[in-house]
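Here's the structure, in structure tokens; my notes come after.
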Amino acid sequence: YALYRVVLRAWDRFGTLAVASVVSTLSQFCLILLGAALFHVSGAMLGWLLALIISVLYFAYGSRFVIPWHIDWTVVARLVRSGLFIAFIILSDTLLRTVDGLVIVTSYPDKAYKFGLYSVAVQVATYLYRIPEAGGFVIMPRILQNYAAKDDVEGVRRHVMLPTIASATILPVAAGCAFVLLPPMVRTVVPKFESAIYAAQVLSLASVLL
């Protein structure tokens, strides 16, 4: 799945990626709910697995790419050495989120409600965090393409700086809108979790520091 996403980005096949995202979302929504209804938690995980398989099959069909499998172990070793620290960063972020959930589940008697409050706040921040990530998803192939074509560091620097400045300009506005709109939205959509409003507002402001 990840391999197809990287290759399609490199070849500017964002239309196929967009359709694949829709296929993935719909298949996960339908199959996870169906699996949970039939077999509870195990069924939900099985539904997620089937949805992932469907997404990969669509990638293979929609992209028409033929990927020749060849493993160069010297390249693999070099990538492992350079990517190990990046993996530690991702792992530490995942562990922090896991620890948060475990603390809530083990420390409060009404753990389901407290975890719901936590999820509302984190979900709002996640939406804001996705703004620069979405920009980077589209821009990174352009940066690599520009560098490969011209081998010009200054040209690449411009491609990096302009989107970063744009994100730094847009995020405070988005965070401010979220800060203002969160109270009425939470009270309307999930009124039982009104207590999460303050935490969600704090996390929305924290996104400005990205």
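The values are calculated or read from the model by the stated rules, or taken from the named source; none is laboratory data. Computed from a prediction, not measured in an experiment: that's the story for all the values here. Ideal geometry is used to build each Cβ from the backbone, glycine not excepted, and the neighbour counts take in all protein chains shown. Heavy atoms of the whole protein, side chains included, go into the accessibility calculation; ligands, DNA and RNA do not. Shrake-Rupley method; radii C 1.70, N 1.55, O 1.52, S 1.80 Å.
How would ARG9, ARG187 rank on accessible area, largest to smallest, probe 1.4 Å?
Working: ARG9 45, ARG187 120 Å².
Putting ARG9, ARG187 in descending order of accessible area: ARG187, ARG9.
Compute, for ILE53, the solvent-accessible surface of its heavy atoms (probe 1.4 Å) with the complete set of protein chains present, and express it in square angstrom to the nearest 10.
Per-residue accessible area (ILE53): approximately 80 Å².
Taking a quarter of the surface of the convex hull around the Cα atoms of region 15-136, what do you get in nm²? List each step's numbers first, then the result.
Details: hull surface 43.9 nm².
Reported value for the Cα convex hull: 11.0 nm².
Please arrange THR98, THR126 by accessible surface area, largest first, computed with a 1.4 Å probe and ligands excluded. Each step should come with its number before you reach the end.
Values: THR98 70, THR126 25 Å².
Heavy-atom accessible area, descending, gives THR98, THR126.
Which of the chymotrypsin sites (Phe, Trp or Tyr not before Pro) found in region 1-89 are loop residues per DSSP with 16 or fewer other Cβ atoms within 10 Å of their Cβ?
Details: sites: TYR1, TYR4, TRP11, PHE14, PHE29, PHE39, TRP48, TYR58, PHE59, TYR61, PHE65, TRP69, TRP73, PHE85, PHE88; in loops: TYR1, TRP11, PHE65, TRP69.
Of the chymotrypsin sites (Phe, Trp or Tyr not before Pro), the ones in loops of region 1-89 whose Cβ has at most 16 other Cβ atoms within 10 Å are TYR1, TRP11, PHE65, TRP69.
TYR127 to LEU79: FRET efficiency via 1/(1 + (r/R0)^6), r the Cβ-Cβ distance, R0 41 Å, to the nearest 0.05?
Working: r = 32 Å, r/R0 = 0.77.
That gives a FRET efficiency of 0.85.
Two decimals is fine: what is log10 I(q)/I(0) at q = 0.14, 0.17, 0.22, 0.28 Å⁻¹ for region 1-70, from a Debye sum with one equal scatterer on every Cα and no solvent?
The calculated log intensity ratios at q = 0.14, 0.17, 0.22, 0.28 Å⁻¹ are -0.47, -0.62, -0.85, -1.13.
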